[in-house]
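Take a look at the structure below.
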Amino acid sequence: MPLPLDVDMLYLIGLGLGDAKDITVKGLEAVRRCSRVYLEAYTSVLTVGQEVLEEFYGRKLILADREEVEQEADNILKDAGVSDVAFLVVGDPLGATTHSDLILRAQALGIPYRVIHNASIMSAVGCCGLQLYKFGETVSIVFWTDTWRPESFFDKVQKNRQSGLHTLCLLDIKVKEQSLENLIRGRKLYEPPRYMTVNQAAQQLLEVVQNQRARGEEPAVTEETLCVGLARVGAEDQKIAAGTLRQMCTVDLGGPLHSLIITGGSLHPLETEMLDLFSVPETGSGPQSSDGLRT
């Protein structure tokens, strides 16, 4: 049974994918009732900054980084049972397992909670025309380093391809990260934010393909596999580009956030027709905006 609105509780509120106005009416009403409002600031970002959100919501926001959410969740939950507290998440609140953990902690403390959903990349990815029910397991592609170059995610891509399913690849975000030296020395100095692009993800994928061939394996993905690059989904300057994995290495989709889709091979005729709207020509000219106009 839904809890009455006059009960003090923890709200987990989705902000959608674009800007300040993408919050739902229900979510905005809840934010304006809350005594403390946290903004989760590490799994995704909006196209506008904290100041714009604060002006539109009419509330000061407390930035919650990964360390605070995962290790100091009690600070967020403090007094949530005697006053309303909001935890804002770009996209949908339950798009990351960290936020499920926050719910479990609230339950253990006897704190009521309410989730107010919103659009996430998991559903909005349909903007390119690929049918959502034909997507398999989602994977994450992380930034490689000189000493850490994981390829395990590729097993899921291969399994999806064998089943004729598309793979949504969520690309790495590095926010408030410390260098190894600063971490060892205990210095609270952080590296500039980094957001993986479709180009970087495609280049790492090509290297995985080459590594598999070198081991005598037959990769499920090749340089000519059809892929779709997406940038700033839900924003006014959203960009979509459809082409081969090789083409994804050079296409320019602009600023963050980016996502990459590896198609499942067999496409429905409607999917093919939709992707044609966003195809990257062999001449290498720019990607198309979401309204189909070449940019």
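The values are calculated or read from the model by the stated rules, or taken from the named source; none is laboratory data. Just so it is clear, the structure is predicted and the values come from calculations on it, not from any experiment. Here the Cβ positions follow ideal geometry from the backbone for every residue, glycine too, while neighbour counts run over all protein chains shown. Keep in mind that these areas ignore ligands, DNA and RNA; they rest on the heavy atoms of the full protein, side chains included. Shrake-Rupley method; radii C 1.70, N 1.55, O 1.52, S 1.80 Å.
Below, the figures for the structure above:
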quantity: Lysine pairs meeting the criterion (Cα under 17 Å, 8 or more apart or interchain), as found in the chain; calculated: 5
quantity: Candidates 104, 267, 15: whichever shows maximal mean-square fluctuation once the chain is modelled as a Gaussian network with Cα springs under 10 Å; calculated: 104
quantity: Fully extended contour minus Cα-Cα distance, from residue 147 to residue 51, at 0.36 nm per residue; calculated: 30.7 nm
quantity: Candidates 270, 257, 46, ranked by Gaussian network fluctuation over the chain, Cα under 10 Å, top entry; calculated: 270
quantity: Mean separation of Cα contacts under 8 Å (6+ apart) over length of the chain, as relative contact order %; calculated: 18
quantity: Candidates 146, 65, 92: whichever shows maximal mean-square fluctuation once the chain is modelled as a Gaussian network with Cα springs under 10 Å; calculated: 146
quantity: For region 70-165, diffusion coefficient by Stokes-Einstein and Kirkwood Rh (Cα), 10 °C, 1.306 mPa s, µm²/s; calculated: 96
quantity: Efficiency of FRET between residue 109 and residue 155 - r from beta-carbon atoms, R0 45 angstrom, step 0.05; calculated: 0.70
quantity: Computed magnitude of the charge dipole of the chain (debye, nearest 20; Cβ of K, R +1, Cβ of D, E -1); calculated: 240
quantity: Solvent exposure, largest accessible area first (probe 1.4 Å, DNA, RNA and ligands not counted), of 215, 149, 161; calculated: 215, 149, 161
quantity: Paired Rg and Dmax values of the chain, which use every Cα atom, in angstrom; calculated: 20.7, 64
quantity: Relative contact order [Cα under 8 Å, 6+ residues apart], region 1-125, whole percent; calculated: 43
quantity: Antiparallel DSSP beta bridges within the chain, as percent of all bridges there, nearest 5; calculated: 50
quantity: Selected from 69, 15, 122, residue furthest toward positive end of dipole (the chain; charges at beta carbon); calculated: 69
quantity: Spacing of the two label points (7 Å from each Cα toward its C-beta) at residue 214 and residue 101, in nm; calculated: 3.5
